[in-house]
Amino acid sequence: MQRLAFAQDDGCFYPAPRAMELRGQGRSQMEFGNEGEGGGEAPSPGGRRLPEAGGAQLLERGEVYLGEVGRMDLLIKSGWLGATEGVVMMRKINRSGRLGLFVFLGCICGLWADDIQDQIEALKDPQAVLRVAAIETLGKSSDMRAVAPVIACLQDKEAIVRKAAIEALALLNDPQAVEPLIDCLADDDAAMRSSAAEALGKLGDVRAGSPLISRLQDTAPAVRTAAAEALGKLNDPRAVEPLVAILKDRDPGARAAAARSLGKLGDARSTDLLIAGLQDKAAVVPAAAAEALGQLREARAVEPLIACVKNRDARVRAAAAQALGQLADVRATDVLIAALHDSASKVRAAAAEALGKLGDARAVGALAGALPDWVAKSQLGTALTTLGWTPTSENEVVYIWISAADGTDLHAHWEKTKRVLLGDAQTSDRRRIENAVYTFVSLGNEEVIPNLIEVLKAKGDKEMTEACLNCGNARLAEAAQSVASSRGYDFAEDHERTQVVWGQWQ
């Protein structure tokens, strides 16, 4: 086991090389313990010694110090746990700690290159969760010595072990796994067949072509979907007609996977059926069909795609806009300009990107008028630059700086930046307000925190409140928590989230 040091200032354990580095920087007061072997001892706070089973105490200390995930973070930072010790630990600590260790064992053991043989030996452990942990570690190792032992695990009696082996073989990416994975396509468990199909797609070996085509007739929809998705990655022309047939499958997931794969295979024979797929009632299918038609670049798809930009589902509108950009037909200019004001940010972003690709000068004014837009800023800025636009006002200058997602010019011209964005924050335009708040958060200047809190309390919606709550600034988080409590916001539900980090553009 590595020699460790306990850092008095942060309460964490560090491997000796990192500890020496930190001590050299004067950042930590370190107490070093002795080097141990296998079941030896590890250093503890105050220079005391922890026996081998004291790993449970480390977990408990980490839980107190860092919260729910902290106990594992502490072990990762400490370098305390090797692969062999990890297996021993799993048998000794409580159930909660064991499950946490199971989740993170791959990360921990991956720090020790010499532990590969220990992990291979752990594949024989009687506990399935330990075999899974070892398989996951081996999959991340990129060590070809792991391939044969993991292939052997495909015969394990436990389904979770077989599934972990399939996923690990996809990561190891070795051709000798192809035939064993093909055999797994006949597994009695549909989840195994689906995982095997997915893994074969990642390996991209044409030997899997015919077996995957046969799985398009599988009784389980998930298997048909995985097989259809995988066939798009093999570049095997034999798959075109079977995939065309799957466009009429009763399962929408399978139909969508077939559409995406036909787009990747680039065979124009599927164009008409893909156009028909734009009318599918399950939104996932027309979205996939639009994506495929964009890849095929068939001119006769332009008008049907234009119609889809008005679809009621945002996924379909965004996919259609993106496809029209790939087709680069100016017939789409007007509908894409209208989409710059779509309620869904992903549609606005796709429309802006597409207009840049169309190269139609008629779009310049509309693109400039769509500024500012926090989510679509990059696409708007790129499109305007491509079309040769230059800003003519102070506001436009600041907006184009923001579109670059780089704070250099914004910091260098702070007074101008502050003037424009504080002005926007006082408007009733939601996108201007969001753009101002999120830009200020990204710049991380403490000077405007009172302004941000004022705007949040007066005009902040649920999305902005959540963004400020999680941005990493304590004062903003406290204000956002107050707003959330007073308005009854619940952030547990899934919705489109804006990620913004305090000072990310410093």
Please find, within the stretch 240-264, the residue that is surrounded by the most Cβ atoms within 10 Å (Cβ to Cβ) out of those that are over 17 Å from Gln295 (Cα atoms), touching a helix residue (DSSP H, G or I) at 6+ places or on another chain (Cβ under 7 Å) and among the small types (Gly, Ala, Ser).
-> Ala254
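Mind telling me which of the residues Val302, Val285 ends up being free of Cβ contacts under 8 Å to residues at least 60 places away in the same chain, under 30 Å from Thr333 (Cβ atoms), more than 30 Å from the chain's Cα centre (by Cα) and crowded, with 16+ Cβ neighbours inside 10 Å? Break it down into steps so the answer makes sense when it comes.
Numbers: Val285 fails: more than 30 Å from the chain's Cα centre (by Cα).
Of Val302, Val285, the one residue that is free of Cβ contacts under 8 Å to residues at least 60 places away in the same chain, under 30 Å from Thr333 (Cβ atoms), more than 30 Å from the chain's Cα centre (by Cα) and crowded, with 16+ Cβ neighbours inside 10 Å is Val302.
Can you tell which of Ala146, Ala177, Ala168, Ala190 is over 23 Å from Asp118 (Cβ atoms) and aliphatic (A, V, I, L, M)?
Numbers: Ala146 fails: over 23 Å from Asp118 (Cβ atoms); Ala177 fails: over 23 Å from Asp118 (Cβ atoms); Ala168 fails: over 23 Å from Asp118 (Cβ atoms).
Result: Ala190 is the single residue among Ala146, Ala177, Ala168, Ala190 that is over 23 Å from Asp118 (Cβ atoms) and aliphatic (A, V, I, L, M).
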Identify, by number, the condition in (1) open to solvent by 40 Å² or more (accessible area, probe 1.4 Å); (2) touching a helix residue (DSSP H, G or I) at 6+ places or on another chain (Cβ under 8 Å); (3) in a helix (DSSP H, G or I); (4) within 19 Å of Glu415 (Cβ to Cβ) that Gln506 doesn't meet.
-> (3)
Do you know which residues across the stretch 384-430 are within 21 Å of Gln499 (Cβ to Cβ) and among the charged types (D, E, K, R)?
-> Asp406, Asp424, Arg430
Does at least one position in the stretch 97-111 carry a residue that is assigned to a helix (DSSP H, G or I), surrounded by 15 or more Cβ atoms within 10 Å (Cβ to Cβ), under 24 Å from the mean Cα position of the chain (by Cα) and at pLDDT 90 or above?
-> no
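Residues to consider are Arg348, Arg419; find the one that is assigned to a helix (DSSP H, G or I), under 22 Å from Met464 (Cβ atoms) and open to solvent by 60 Å² or more (accessible area, probe 1.4 Å). Before you say what the answer is, go through the steps one by one.
Details: Arg348 fails: open to solvent by 60 Å² or more (accessible area, probe 1.4 Å).
Of the residues listed, the single one that is assigned to a helix (DSSP H, G or I), under 22 Å from Met464 (Cβ atoms) and open to solvent by 60 Å² or more (accessible area, probe 1.4 Å) is Arg419.
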Among residues of the stretch 331-345 being surrounded by fewer than 18 Cβ atoms within 10 Å (Cβ to Cβ) and out of contact with any Lys or Arg (no Cβ under 8 Å at 6 or more places or on another chain), the residue nearest to Asp313 (Cα to Cα) is Ser343
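Matching residues to (1) in contact with a helix residue (DSSP H, G or I) (Cβ under 7 Å, 6 or more places away or on another chain); (2) in a helix (DSSP H, G or I); (3) closer than 22 Å to Val284 by Cβ:
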residue: Ala321; (1), (2), (3): yes, yes, yes
residue: Leu324; (1), (2), (3): yes, yes, yes
residue: Asp334; (1), (2), (3): no, yes, no
residue: Ser343; (1), (2), (3): no, no, yes
residue: Ala354; (1), (2), (3): yes, yes, yes
residue: Lys357; (1), (2), (3): yes, yes, no
Taking the stretch 371-388 and keeping residues surrounded by fewer than 18 Cβ atoms within 10 Å (Cβ to Cβ), part of a helix (DSSP H, G or I) and among the small types (Gly, Ala, Ser) leaves Ser378
Mind counting the residues in the stretch 187-229 that are over 18 Å from Leu172 (Cβ atoms), part of a helix (DSSP H, G or I) and of a type in the set (Ser, Thr, Tyr)?
-> 4
Restricting to the stretch 437-475, what's the tally of residues that are touching a residue at least 60 places away in the same chain (Cβ under 8 Å) and in a helix (DSSP H, G or I)?
-> 5
Just checking, which of Ala368, Ala405 is part of a helix (DSSP H, G or I), of a type in the set (Gly, Ala, Ser) and either open to solvent by less than 70 Å² (accessible area, probe 1.4 Å) or in contact with a helix residue (DSSP H, G or I) (Cβ under 7 Å, 6 or more places away or on another chain) (or both)?
-> Ala368
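One line per residue, one yes/no per condition, for (1) farther than 27 Å from Gln127 by Cα; (2) open to solvent by 40 Å² or more (accessible area, probe 1.4 Å):
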site: Lys157; (1), (2): no, yes
site: Asp183; (1), (2): no, yes
site: Met192; (1), (2): no, no
site: Ala196; (1), (2): no, no
site: Leu200; (1), (2): yes, no
site: Arg215; (1), (2): yes, yes
site: Asp218; (1), (2): yes, no
site: Glu229; (1), (2): yes, yes
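The values are calculated or read from the model by the stated rules, or taken from the named source; none is laboratory data. Keep in mind the model is a prediction, meaning the values are calculated, not measured. Because the Cβ atoms are built from the backbone with ideal geometry, glycine has one as well, and the counts that use them run over all protein chains shown. Protein only, heavy atoms only, side chains kept; ligands, DNA and RNA dropped before computing areas. Shrake-Rupley method; radii C 1.70, N 1.55, O 1.52, S 1.80 Å.
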